[in-house]
Amino acid sequence: MADQRASGAQNPKSIQVVLWPTVLFFVGLFVLFVGERMLTTEGLQKGAATAAMLLLMGGWIGMMSRRSSSKDAIEQRALGYMLISGLTVIVGVIVYLLFNFKAAGLQESLRSNLGKSYDRASSLSQVLLPALVLLGSLPLAFIQQAMQKMTDGRGVAEAIEPHRVSFSAQSGLSVALVAIFVAASNYVVTERNTKLDLARFQNTKASETTRKVVQSLVRPIQATLFFPTANEVREQVQPYFDELAKLSPNFQVQVLDHALEPGRAKELSVSGNGMIVLTQLDEKGKPGSRETINIGLNIDTARGQLQAFDGDVQKRLLQLSRPGRVVYFTSGHGERSFDAGALDLVKDDMRLPVGALRTIMANLGYEVRTLSVQNGLAGRLPQDAGLVVIAGPTERFLTEEVGALSTFLDEGGHLLLLLDPTAEQTATDLAPLLKRVGLRFTSQVLCHPERFAVRTHKDNDRENIVSTSFSSHVSVTTLSRNSGRAGVILPKSGFFERESVVPAGVQLDFTLRSMPNTFADVNRNFQLDAGEKSQVFEVAAVAQKMLEPGKDGKNKREMRLVALGSADAMSDGLVPWLPNRVLILDSVKWLMQEEAILGEPVQDQDVPIVHTKGQEKLWFWLTTLLMPSLVLGLGLLYTRSVRRRRAS
C-alpha cells in the first residue's frame with residue numbers, strides 16, 4: 001500500500017500547483033499601499049515603491065517561469081490568464097509611479113514633454129491605478145483560488161479543470177467591472193450634482209411672476225431664514241430664495257440658526273427656528289418694515305403652507321416693495337357681497353358673491369376697503385384709492401356719486417366696472433362713466449344656441465356664453481397666448497359698443513368677444529327670435545388715457561378702466577376656472593400699472609376628481625361587480641387547468 005502511495009505521489013500526470021508567486025505579487029501590492037497611504041517621509045515612500053515593484057515583478061516572473069516549465073496545456077492556459085492579469089496590474093502601477101514617484105528629475109522631464117497635458121495625465125494615472133489593479137488582481141486571485149481547490153491539500157492536482165478556470169476568471173473580471181462602474185458613477189454624481197425633483201412642492205420654485213417682482217425691486221429686500229443645518233423644510237425653501245437672489249442685487253438671502261444667532265433673532269423679533277423674515281433695507285442698509293412667514297420645522301405640518309408658498313412670498317414682497325396700494329369696493333347699491341352666506345334670497349338670480357375677488361387682491365398685496373357715501377363716494381374719493389371696483393350693482397346711483405367717480409377718472413383714477421345686464425336702470429346711471437371713454441353698454445343678456453357652459457342642463461344654460469377670442473391688449477396677454485384653448489365663461493353678459501365720438505387721447509380696445517352666432521336675448525326666452533341680433537359681440541373693454549403732468553412736471557398719471565359685461569364672470573362661482581382667474585389677475589395688475597408682473601403664482605393644490613352621475617354608476621359597477629367577477633373567473637380557469645394537468 002505504501003508503495004502504491006509513493007508511486008501515486010510521483011505520478012507523472014499529476015500537477016504541482018505553485019502558490020508563492022501569487023502571494024509574492026499581492027505582498028507587493030500591500031507594500032505599495034503602505035508606502036503611498038501610511039508612510040510620510042519621502043525616503044520611506046521611495047523605498048516602499050521600489051520594494052513593491054521588485055515584489056510585483058518577482059511574483060510575475062515566478063508565474064512566467066512556472067508556465068514555461070509546465071507540461072500540461074490546461075495549466076499553461078490558466079497561468080497565461082494569470083500572467084495577463086498580473087501584467088495589467090503592473091502597467092497600472094508603473095503609470096502611477098511615473099507621475100507620483102518622488103524624483104524631481106523624472107517629474108521635470110515629464111512636464112517638459114507633456115506641457116499643458118501634464119496635469120490631466122497625472123490625474124488620469126491616479127484613476128488608472130485602482131481600475132487596473134481591480135481588473136488584474138481580482139481575476140488573478142479568483143484563478144489561483146480555483147486551482148487550489150483542485151489540489152489534494154498538498155498542492156498536487158490530478159488535473160486542472162478548464163471550465164472552472166474560465167468561470168473564475170470571468171467572475172473576477174465581472175466583480176472588478178462592477179466595482180469600477182459603481183465608483184465612476186459615484187464620482188460623476190458627486191461632481192455633477194443635479195437635483196431632479198419629481199416629488200410634490202413644485203411650488204417651492206419661483207414662478208415667473210415672482211421673478212418679475214424681484215427683478216423690478218428698487219429698494220433692497222433681505223430674506224433671513226432661521227433654520228438648523230439639517231432640516232427638511234429648509235431643503236425645500238432655501239433653493240427658492242437662492243434662485244431669487246440670483247435675479248437681482250437688491251434681493252439678499254441669509255440663513256441663520258436661532259440658537260447660534262440670538263442677537264439677530266431678537267432684532268427681527270424671531271422666537272425660534274422655522275421662520276422666514278423679509279425685511280426692507282434703507283439706503284444705509286438698516287432694516288425697516290418687514291414681513292414674517294412662520295412655516296415651522298416639521299415637513300408634515302408645513303405641507304399646507306408649502307402648497308401656497310410662492311403666492312405667500314409674492315404677496316409679502318409686493319407689500320414691502322409697493323406699499324400703500326388700496327382697493328375700494330363701492331357699497332350701498334346692491335353690489336355683490338363678500339360673504340357667501342349673505343346671498344339675497346329675494347332675488348331670482350341668487351347672485352354669487354365676490355369674496356374670492358377680494359381674496360385675490362389681498363394676496364396680490366392690496367389693502368381692500370369699502371367705499372360708500374359716508375367716506376367720500378358722494379364727494380371726493382379718498383386720496384389713497386389706487387383702484388375702485390363696482391361689482392354688479394342693482395340699485396340706483398346718485399348723481400353726486402357718479403360725479404365723484406367721473407372726477408376720479410378725470411384725475412387719473414383706475415376703475416373696474418362689473419356690470420349686470422339685468423339691472424338696466426343701474427347701467428343707465430353709470431352710462432356717463434362709460435361715455436367719458438367712448439363706450440356704450442347695452443343691457444341685453446347674450447345667449448348662444450350651441451356653445452355655452454352647462455350647469456343646470458336647462459335652456460337657461462345658454463346664457464353662460466364662452467369667449468375664446470381675445471385682443472392683443474396687455475390685460476389679456478396670458479389669455480391671448482392660449483387663444484382657442486382657453487375659454488372665459490361669461491354668465492348673463494351684456495355687450496359694449498363704441499360711441500360715435502371717442503374723447504381725445506383715449507385709447508379704447510375691446511378685449512373679449514363672443515363666439516359667432518351669439519344672439520341678444522331681448523325677451524329672455526333663450527331662443528333666437530325674429531328681430532334679435534345674432535353676431536359677434538364685444539363683451540369686455542379697456543380704456544386708458546395719459547394725463548398731462550402737473551405744473552412741476554411730476555405726478556404724471558394715467559386713467560385706466562376695465563369694463564366687463566358680466567359681473568358673474570369674476571364671482572366666486574367662476575374664480576376656480578383658470579381662464580376666468582387669469583382674466584382677473586391680469587386685469588387687476590394692468591389697472592394698477594403692474595404689467596411687468598402679469599401671471600399667477602405657483603399653487604400646488606389637490607384637484608378634486610369630479611364625476612358625472614353616469615360616471616359614478618359606471619365606477620360603482622366596475623368596482624363592485626365586474627372586477628371581482630373577473631378575478632373569480634380567472635381563478636376558476638386556473639384551478640381547472642391545474643386539476644386537468646394533475647389528472648393527466
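The Rg/Rh ratio of region 202-320, with Rg taken over Cα atoms and Rh as the Kirkwood radius over Cα pairs, comes to 0.94. Between region 266-331 and region 479-515, the alpha-carbon centres lie 37 Å apart.
Here is the list for region 34-86: trypsin sites (Lys or Arg not before Pro) lying in DSSP coil, each with at most 13 other C-beta atoms within 10 angstrom of its C-beta, are LYS71. Going from the residue with the fewest nearby Cβ atoms within 10 Å to the one with the most, SER467, SER289, SER137 rank SER289, SER137, SER467.
Going from the residue with the fewest nearby Cβ atoms within 10 Å to the one with the most, LEU528, LEU39 rank LEU39, LEU528.
Neighbour counting of Cβ atoms within 10 Å sorts the residues LEU618, LEU634, LEU585, fewest neighbours leading, into LEU634, LEU618, LEU585. For region 202-320, relative contact order (Cα pairs under 8 Å, six or more residues apart, normalised by length) works out to 33 percent. For region 478-577, applying the loop criterion from DSSP together with a ceiling of 10 other beta carbons within 10 Å to the trypsin sites (Lys or Arg not before Pro) yields ARG485, LYS551, LYS554.
A DSSP coil position with no more than 16 other Cβ atoms inside 10 Å describes the following GluC sites (Glu not before Pro) in region 454-522: GLU499.
Averaging the sequence gap over all C-alpha pairs within less than 8 Å and six or more residues apart, then dividing by the number of residues, gives region 24-83 a relative contact order of 34 percent. Per residue, the average separation of C-alpha pairs within less than 8 Å and at least 6 apart gives the chain a relative contact order of 9 percent. Label sites at ALA121 and HIS163, each approximated as a point 7 angstrom past Cα along Cα to Cβ, lie 4.8 nm apart.
Label separation (SER109 vs ILE84): 3.2 nm, computed from points 7 Å beyond Cα along the C-beta direction. In terms of its C-alpha gyration tensor, region 9-191 has a prolate overall shape, because the principal axis ratio a/c (a ≥ b ≥ c, square roots of the eigenvalues) is not below 1.5 and a/b outweighs b/c. Semi-axes of the equivalent ellipsoid for region 323-593, computed as √(5λ) from the eigenvalues of its C-alpha gyration tensor and ordered from largest down, come to 29, 20, 19 Å. Full extension of the segment from LYS205 to ARG455, taken as 0.36 nm per residue of separation minus the current Cα-Cα distance, would add 86.4 nm. Computed extension gain for LYS435 through LYS284, at 0.36 nm per residue and net of the alpha carbon distance, reaches 49.4 nm. When the P(r) is computed for the chain, the part past 34 Å accounts for 66% of the Cα-Cα pairs.
All of the numbers you see were taken from the coordinates with simple rules; none came from a lab. Note that the structure is predicted; figures quoted are calculated from it, not measured. Virtual Cβ from ideal backbone geometry, glycine too; neighbours counted across all protein chains shown.
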